[in-house]
Amino acid sequence: MAGRPVTVRMARWSAEHPWRAIALWAVFVAVCFVGGNAAGLNEATSGDQAIGEAGRAGLIVDAGDFDDPAVENVLITSRGGALDAAAAKVAADDAAARLRTVTGVAEVGQPVPARDGSALLLPITMSGDPETASDRVQPLRDATATVQSAHPQLRVEQVGGPSIGQALDDTLGKDFKRAELLSLPVTLAILIIAFGALIAASVPVLLALSSVAAAMGLSTLASHLVPATDTTSPVILLIGMAVGVDYSLFYIRREREERAKGRSGLDAVEIAAETSGHAVVVSGFAVIIAMAGLLLAGDVVFSSLAVGSILVVAVAVTGSLTVLPALLARLGRWVDRPRVPLLWRLTAPRTGRHGTPRPPRLWPALLRPALRAPVATLVISVGLLLALAAPALGMKLKFPGMEDLPRTTPAMQAYDRLTAAFPSTGTNHVVAVRAPAEQADRVRSALTDLATRAAGDPLFAPTEADGPKIRVSADRRVSVLDVATPYASRDDRSVRSLEELRSDLVPAELRGIPGIEYAVGGSVADSEDYAQHVRDKLPLVMGFVLVLTFLVMVLTFRSVVVAASSIVLNLLSAGAAYGLLVLVFQGDWAEGVLGFTSMGAIVSWLPLFLFVVLFGLSMDYHVFVVSRIREGIRAGMPNRDAVSYGITSSAGVVTSAAIVMVGVFSIFATLSTIDMKQLGIGLAAAILLDATIIRGVVLPSLMTMLGDANWWAPRFLRQRPAPAPADPPAPAPELVPVP
């Protein structure tokens, strides 16, 4: 026993002491979860998230310590035709009187008419912490609704950061609640179809959920080393459910397969640990390596995602090696109860001659082209994937702007009317300046000249009647000017206006002032700088992931060729997913189908995140399938038979795992925001391509074509042949397509 792999020893101990293993796992999960909550979450600050020149501008503004209260607006417009100025003034006075009595209102300003007379704007300054303004804005909205009722001939709306934030929180909260409510039953339903038994379907869900709970607590503790962001918890849930279900599927299917051969429960668990358990460990390392690549991005958002993902994968691997064998040993044949009659007959493990698992007849038929004509099949399939990947060469990266948020809420509809009547309230560039206090007057004069020059350029919005608004800090060291553009934040003209500010207007006015430091930020700058940041870091992250994954695969399979082909196939899968994203989201043909408005670009953070997630999750399938092929080789099968055995014997579990992931990821495509739609479609499409074309066509044709060369390695990597597994698979006629 001492010479057996550690996965086998751990599984054996857990299977022999199931109640201890289950109790230890329950204690581990509880300690992690409770300990994390007790420690509290350390969230990333704006300084932690500063990227590029836009980030420097934000830091300069923060250094000014400005009193920056939350601001709302009451917008008064006509329901049709020209606005009655007198009626609008009466409504504005009514709104001002009512709002001054509302708790949370610090000041009500004077009504401001639009230049074209189409609207009247009443500014409102809120008291209290601006960060919590969205939670306190409802009384103001109620007062505005009362004004609307009193003046039905006009359109009286409230719009501003807090009200938009509240509306979006409500919309997105409903979205995510729906996604959470759907994801669990969808996963469970797919697993019931895959196993044909309720208990077997429930075990992977329980392991995944407990892994997520433990990882949530651990990530809270880790946030004191790497600050957490809002995206950390959703990603832990997403990755944890994916790998937790996958690892359990691999393990349970193999254990059931061995029991179907007549083995005892303990022996079946041990063999599952030696085969599927080993594959789980390798694929877990591959996912962890891929996620660790995000740490090289130098970005707190990606770093927090990396830490959360690494923790949940490590916990899921640990659970699959400890508590899962204990559960299977304790349940025994009860794992196949209660059975769903029709589904059980379709999914129950079946064996053919020689004790080999008998796959559905579909898979030998699908494999026939790859095994009979591997070169032609490889060329055609790879050609199709490359054609699908080609549009990725034209990928554009941008942050979603206000114009990309759902227009289903009254607040966003009011925002559109606000920016149409008052262009300077829309997209703004922020010119942030830090200089010695004695230079404050010179800085103000330069910024005034800058605003005047910009106002004469069609790329910028005209200045307000009362002149440019320049904020100066109490110590006179920091000055800030907002320069508006009348175009949407992702409009190319907004980008050109940013470039003109940075390359010409700002340097021309501010250069030469002693001790000055300046930067141009704002929503457009955030988008452009982050996109460039991703473009700069993507090669570094990809290189790290590719090199380390290659080394792990070489050491696992003792084959340079298998490792190299693994890398190439995963790159093909990721490239095809990128190309599909560009085809769907950079054009407008799919808008009606998926319910979005094209932003003509891919969300800036998506390519980097998508690459590491896809590369990691794809390795789950690849390691599992290639491990089964290697079993056939070690059992003495010819290469062609081993490829057929490996693909067909793993087809059920790979297909089931892929359907679970595609089902869950597709739910994200139903959410309202464009970034979640792109994430859901990208992940679902890539997993589907990977589990079908890559594993079912490209991989078998490549390995059949290479033959014995698949297992070539330099002499120093070779090892003595491992003993064949007990009751090794033998070539079964039903596994090999008949020529």
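The values are calculated or read from the model by the stated rules, or taken from the named source; none is laboratory data. None of these values were measured; they are calculated from a predicted model. Don't worry about glycine lacking a Cβ; one is built from the backbone with ideal geometry, like all the others, and counts go over all protein chains shown. What goes into the accessible areas is simple: the full protein's heavy atoms, side chains included, and nothing from ligands, DNA or RNA. Shrake-Rupley method; radii C 1.70, N 1.55, O 1.52, S 1.80 Å.
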In 5 Å bins starting at 0, how do the alpha-carbon pair distances of the range 1-59 split up by percent?
4, 15, 11, 10, 9, 9, 9, 8, 8, 7, 7, 4, 0
If you count only protein heavy atoms and use a 1.4 Å probe, how large is the accessible surface of Arg141, to the nearest 10 Å²?
60
Have a look at the range 509-626 and give its Rg and Dmax from the Cα atoms, expressed in angstrom.
20.1, 66
Quick one: which of Lys537/Lys677; Lys174/Lys469; Lys174/Lys537; Lys398/Lys469 span more than 32 angstrom between C-alpha atoms?
Lys174/Lys469; Lys174/Lys537
Fraction of accessible area attributable to carbon and sulfur, the range 47-188 (%, probe 1.4 Å):
53
Any chance you could list P(r) for the range 628-726, counting all Cα-Cα pairs in 10 angstrom bins from zero, rounded to whole %?
14, 32, 25, 17, 9, 1
Quick check: Cα centre of the range 619-671 to Cα centre of the range 462-510, how many Å?
55
For Lys261, the aspartates and glutamates lying under 18 Å Cα to Cα, once residues fewer than eight places off in the same chain are dropped, come out as Glu270, Glu274, Asp336, Glu631, Asp727, Glu734
Given just the C-alpha atoms of the range 75-201, how large is their convex hull per residue in cubic angstrom?
170
Taking the chain and dividing mean pair separation by its residue count, relative contact order in percent (alpha carbons under 8 Å, at least six apart)
18
Kindly state, as a whole number, the per residue volume in cubic angstrom of the convex hull around the alpha carbon atoms of the range 268-344.
117
Taking only protein heavy atoms into account and a 1.4 Å probe, give the accessible area per residue of the chain in Å².
41
Which three extents, in whole angstrom, do the alpha-carbon atoms of the range 414-553 cover along their principal axes, largest first?
66, 41, 26
Summing -39500 (n - 2.57) over every DSSP H run of at least 4 in the chain, dividing by its residue total and rounding to the nearest 500, the 222 nm mean residue ellipticity is -20000 deg cm²/dmol
State the Kirkwood hydrodynamic radius of the range 392-470 in Å, one decimal place, computed from all pairs of distinct Cα atoms.
15.7
Quick check: at a probe of 1.4 Å, how many percent of the accessible area of the range 430-531 sits on carbon and sulfur atoms?
46
Find the centroid of the Cα atoms in the range 537-583 and in the range 264-289, then give the distance between the two in whole Å.
22
After finding the eigenvalues of the alpha carbon gyration tensor for the range 522-586, what semi-axes result from the square roots of 5 times each, listed largest first in whole Å?
32, 16, 6
I want the antiparallel fraction of DSSP beta bridges within the chain, as a percent rounded to 5.
95
Using packing as a proxy for protection, rank 611-624, 531-544, 32-45 so that the peptide with the highest average count of other Cβ atoms within 10 Å comes first.
611-624, 531-544, 32-45
Share of the range 562-700's accessible area from carbon and sulfur, percent, 1.4 Å?
69
